[in-house]
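Inspection log for the structure reproduced underneath, given as structure tokens.
The values are calculated or read from the model by the stated rules, or taken from the named source; none is laboratory data. From a predicted model like this one, the values you see are computed outputs, not experimental measurements. Cβ sites come from the backbone with ideal geometry, for glycine too, and all protein chains shown count toward neighbours.
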Amino acid sequence: MAYEIRPILDEEFERFSRQIATTFLNDFRAEFMEDRKTVFERERSLGVFDGDQVVGTTGIFTFDMAIPGGLLPTAGVTMVTVRSTHRRQGIVTSIMRRQLEDVREKGEPMAGLWASESIIYGRFGYGLAAQTVDLTIERDHAQLATTTPAPGKLRIVSGDAAREQWPAIWEAEHRQSPGTMSRTQAWWSNRIFRDPEPWRGGFTANVYVNYEVDGELRGYVRYRLKGDEIDGLPNGTLRVAELVALTDDAYSELWQYVFGVDLIATIEAPHRRADEPLYWMLADPRRLKRRPSDALWLRIVDVPACLSARRYSVEGTIVFRVEDDFLGAGGTFALTGGPDGATCTQSNASPDISLNIRDLGAAYLGGVSFTTLARAGRISGDRAALRRADVMFSWDPAPWCPEVF
């Protein structure tokens, strides 16, 4: 059966929102609707209609994603749902195709998402481009191997002060960390600082801490607390929501602060970097429990635009044969790039590496090597070409997308 697929109207926002809440196993809360509208892009939404019922949804947040050496306009795909009564009728495939066609028409070279289920999106050309790691450590074992006197000081600040000061720090972090996303003022207000009790999961409201040197902000941490005790002994939990540091001393001092909060037994820090330095700083690193997970999935929509937009660690040339059965964005492309820039054009040359567009998306930010993908049986190419591509695409730091969108 063919269903109508189109952007929703203003008066359909509640039905759209109810469908999303139900699919993601949440209660619908009417009191949150007006706040959600501050970041909702209605013209980029898609609703699937069965009569007057909204039986499928998707949407996009428009942002710039950091890539090696620059920024790239990216469609942040979100709110993908299908009503349980309408499963296995091709609705997800239809809305994914319509959405990617709209992204291409808008001129955005790439789309990205977090997947509620990791098995879904590969068939639509999305590749796993960045992982995150959930960290847990008992406070009794959270000591650094070495510490040095730091020039700065720590200060608990109000939410209003954080609103004023933190965006500049995030912007600096964003520009040097592939996979991170730009934040508008509305995004800061709605997604970072808005703190309704149902979002807290039994924890306190956010606590905001600055690390400053001579009055200059160099990093911050936002966290929540949950009190508990066992047999009269403190057994609280501290959960880090965000820790951003522009310097090594800021990074060290913020973690030491987190490890020193009283009445805490366990520190949790979800969605941290895959190459988190903290592990190598601990006196007893085995005590740090690390749970890796897929995070950012990227879908390349315009191969030449994406490959020419980023920078490469060394000069080199690679010819890629890219397959894309879903959107038709494939072809043979010659990439010539280096630290100062790159060009990518269609080519008639014999390919050095052949791969599906999802695997090009996976390797795009440098999160996985081409050699690894070849060993996994996902791509093909001679060893020299794979190694050349590995060196070109490698980047420090590793890609990181700490924010679920």
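Numbers for the structure displayed
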| quantity | calculated |
| --- | --- |
| Tally of residues being over 19 Å from Gly361 (Cα atoms) and not in a helix (DSSP H, G or I) across segment 70-118 | 9 |
| Filter result for the condition that a residue is under 21 Å from the mean Cα position of the chain (by Cα) and either polar (S, T, N, Q) or at negative phi (or both), over Arg311, Arg287 | Arg311 |
| Scope segment 119-161; condition among the polar types (S, T, N, Q), closer than 30 Å to Ala329 by Cβ and loosely packed, with under 14 Cβ neighbours inside 10 Å; matching residues | none |
| Of all residues in segment 208-256 being in a strand (DSSP E or B) and of a type in the set (Asp, Glu), the one that is nearest to Leu135 (Cα to Cα) | Glu242 |
| Any pair with Cβ under 6 angstrom, 6 or more apart, that starts in segment 284-301 at a residue that is of a type in the set (Phe, Trp, Tyr) and ends at one that is at pLDDT 95 or above and in a strand (DSSP E or B) | Trp297/Leu113; Trp297/Leu128 |
